[in-house]
Amino acid sequence: MANSIYKINKGINKSIEFKGFKAQYIWYMAIVIVCLLVIFALFYFLGINHYVSLLVCVGGGFAAFNKIYGLSKKYGEHGLSKMMARKSIPRILKSNNRSLFFKKQAHDEGRTPISQRKSYLPD
């Protein structure tokens, strides 16, 4: 049997990284690029000067690149998602009555209490 050489992929279970952008930030940058392309096309069809449209698109692209790169560096791979999830958790829960903390009886809900139900199990 001949000796076989297998290449081992050491990048398994690692997130995608491209030029410092990690995970979802790559998608954010792709969305920004597509939006800037649409804005440039819109400016072209409206007849706005090409230098003005280039200035707007390059400036917007530079600003978006810096912002997304900063978010990627600050929050890391999953940090932005965690931060947005943390913001959606309420700080205070208010309740105007205490019925939430009392156990409801089965007859209060319109069901037959467990003690009065038929058992289908053999004795």
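Please go through the stretch 8-57 and pick out each residue that is more than 23 Å from K74 (Cα to Cα) and open to solvent by 100 Å² or more (accessible area, probe 1.4 Å).
Scanning the stretch 8-57 gives I8, N9, K10, I12, L37, Y44, F45, L46, Y51, L55.
For H107, work out the one condition from (1) at pLDDT below 60; (2) open to solvent by 90 Å² or more (accessible area, probe 1.4 Å); (3) not in a helix (DSSP H, G or I) it doesn't fulfil.
For H107, the exception is condition (3).
Which count do you get for residues in the stretch 1-32 that are more than 19 Å from the chain's Cα centre (by Cα) and of a type in the set (A, V, I, L, M)?
5
Kindly provide the set of residues from the stretch 41-86 that are in contact (Cβ under 8 Å) with a residue 12 or more places away in the chain and among the hydrophobic types (A, V, I, L, M, F, W, C), ordered by number. Before you say what the answer is, go through the steps one by one.
In the first step, residues of the stretch 41-86 are kept if they are in contact (Cβ under 8 Å) with a residue 12 or more places away in the chain; the result is 43, 53-54, 56-57, 60-61, 64-65, 68-69, 71-73, 76-78, 80-81.
Selection gives F43, L54, V56, C57, A64, F65, I68, L71, L80.
Give the residues of the stretch 50-80 that are at pLDDT 90 or above and either of a type in the set (G, A, S) or in contact with a strand residue (DSSP E or B) (Cβ under 9 Å, 6 or more places away or on another chain) (or both), sorted by residue number.
Selection gives S53, G59, G60, G61, A63, A64.
How many of the residues in the stretch 81-95 are modelled with pLDDT of 80 or more and either open to solvent by 100 Å² or more (accessible area, probe 1.4 Å) or in contact with a strand residue (DSSP E or B) (Cβ under 9 Å, 6 or more places away or on another chain) (or both)?
The number of residues fulfilling the criteria is 7.
Quick one: K74 ticks every box in (1) surrounded by 11 or more Cβ atoms within 10 Å (Cβ to Cβ); (2) assigned to a helix (DSSP H, G or I) bar one, so which box is it?
(1)
The values are calculated or read from the model by the stated rules, or taken from the named source; none is laboratory data. Please read all numbers here as calculations on a predicted model, not as lab measurements. Counting neighbours? That spans all protein chains shown, and the Cβs are built from the backbone with ideal geometry, glycine included. Protein only, heavy atoms only, side chains kept; ligands, DNA and RNA dropped before computing areas. Shrake-Rupley method; radii C 1.70, N 1.55, O 1.52, S 1.80 Å.
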